[in-house]
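**Student:** One structure is given below, represented as structure tokens, and several questions about it will come after.
Values quoted throughout were computed directly from the atomic coordinates according to the rules given, and no laboratory measurement underlies them. Note that the coordinates shown come from a computational prediction; the quantities given were computed from them, not determined experimentally. Here the Cβ positions follow ideal geometry from the backbone for every residue, glycine too, while neighbour counts run over all protein chains shown.
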Amino acid sequence: MLTITIWNVLMVEDNPGDVHLAKMCAEKRPRVVLHTVPNAVQAHQYLLRKSPFTQAPVPDLVLLDLHMPIYDGSPVLETLRESGSTLATIPVVVFTSSRLLLDRARCKQLGATDYVNKPTDWPEWEATIHQILHKHLPGFAKEYGP
């Protein structure tokens, strides 16, 4: 029997333009399903499968914006790493426009798997998203190449 891998990626991002670009990248890889939430509060609800996300799949990867209104991405990262459950092992890539070394160091200290700066144009966006998926989703490289 043939098993088809589907990768669920949760993107926590408040910028609709960035969400749109990520969706365009995911559409080119039909077995990558991009789920999005616009803030840290909804990210917690999603990850803990609270209403309205009780049926949400556990993500294989989290793309986490750092600077968002109300709460930044740090509490989401802390919740994941301190959960003591399978959530603690999900790769979390902080995907941010912040180039501050202090932000990078803080995220690494909180357990971020990777810290990637958002690109400034479409070809870079596509390449960067592909690199993130290639690096952090098991089996992705086998399906979609280097």
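**Student:** 222 nm [θ] for the chain, helices only, -39500 (n - 2.57) per DSSP H run of 4+, per residue, to 500?
**Tutor:** The per-residue figure over the chain is -11500 deg cm²/dmol.
**Student:** Another one. Tell me the net charge near Leu110. Cut-off is 15 Å between Cβ atoms, Leu110 excluded, with +1 for each Lys or Arg and -1 for each Asp or Glu.
**Tutor:** Once positives and negatives cancel, what remains is -2.
**Student:** Taking 0.36 nm per residue of separation and subtracting the Cα-Cα distance, what length does fully extending Glu143 through Leu48 add?
**Tutor:** 31.2 nm
**Student:** What's the percent breakdown of Cα-Cα distances in the chain across 10 Å bins, shortest bin first?
**Tutor:** 11, 44, 36, 8, 1
**Student:** What lysines sit close enough to Lys142 to cross-link, taking a C-alpha to C-alpha distance under 27 Å and skipping anything fewer than 8 places away on the same chain?
**Tutor:** Lys23, Lys28, Lys118
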